[in-house]
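Report on the structure given below.
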């Protein structure tokens, strides 16, 4: 299991860098090229959300993005350091109500970005507590596509 961790100041112009890094690591991990746009969009939404939360709550701590490649899946976690109400919601591609996660959290936090992420990602988990929030997303990989 290989992990790349990216920390960036909560500024909107750094979101593009996070998208580019995520796409490069996803490609190396063997994520299908057909879903690469979804990876970029989901990371962009998650990072923009974290930056917005940091800015609106005067939190100067960096936004953290962890990109992990396994044999069968590629995972991204975007974490903010803004205190939230405790929340834990999860959705996998097999769920009957694919948009339920995003819609439930969007109603709770009045944010549509999570609904967008839910529609782009095979598996998504949103957790939040008094220390911050985390969005974990994953996509399947092709094991034979891994580069040396």
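Where a number appears in this text, it was derived from the coordinates with a stated rule and is not lab data. Just so it is clear, the structure is predicted and the values come from calculations on it, not from any experiment. So basically every Cβ, Gly included, is an ideal-geometry build from the backbone, and we count neighbours across all protein chains shown.
Kindly state, to the nearest 0.05, the FRET efficiency for residue 122 paired with residue 17, given R0 = 25 Å and r defined as their beta-carbon distance.
Once rounded, the FRET efficiency stands at 0.55.
How would 31, 65, 25, 4 line up from fewest to most surrounding beta-carbon atoms within 10 angstrom?
4, 25, 31, 65
How many percent of all Cα-Cα pairs in the range 2-141 sit more than 19 Å apart?
Tail fraction, whole percent: 46.
Fewest Cβ neighbours within 10 Å first, please rank 85, 28, 49, 134 accordingly.
Fewest-to-most Cβ neighbours within 10 Å comes out as 85, 28, 134, 49.
If you average the alpha carbon positions of the range 1-16 and of the range 31-59, how far apart do those two centres end up, in angstrom?
10 Å
Please arrange 41, 120 by how many other C-beta atoms lie within 10 Å of their C-beta, fewest to most.
Taking fewest neighbouring Cβ atoms as first place, the list is 41, 120.
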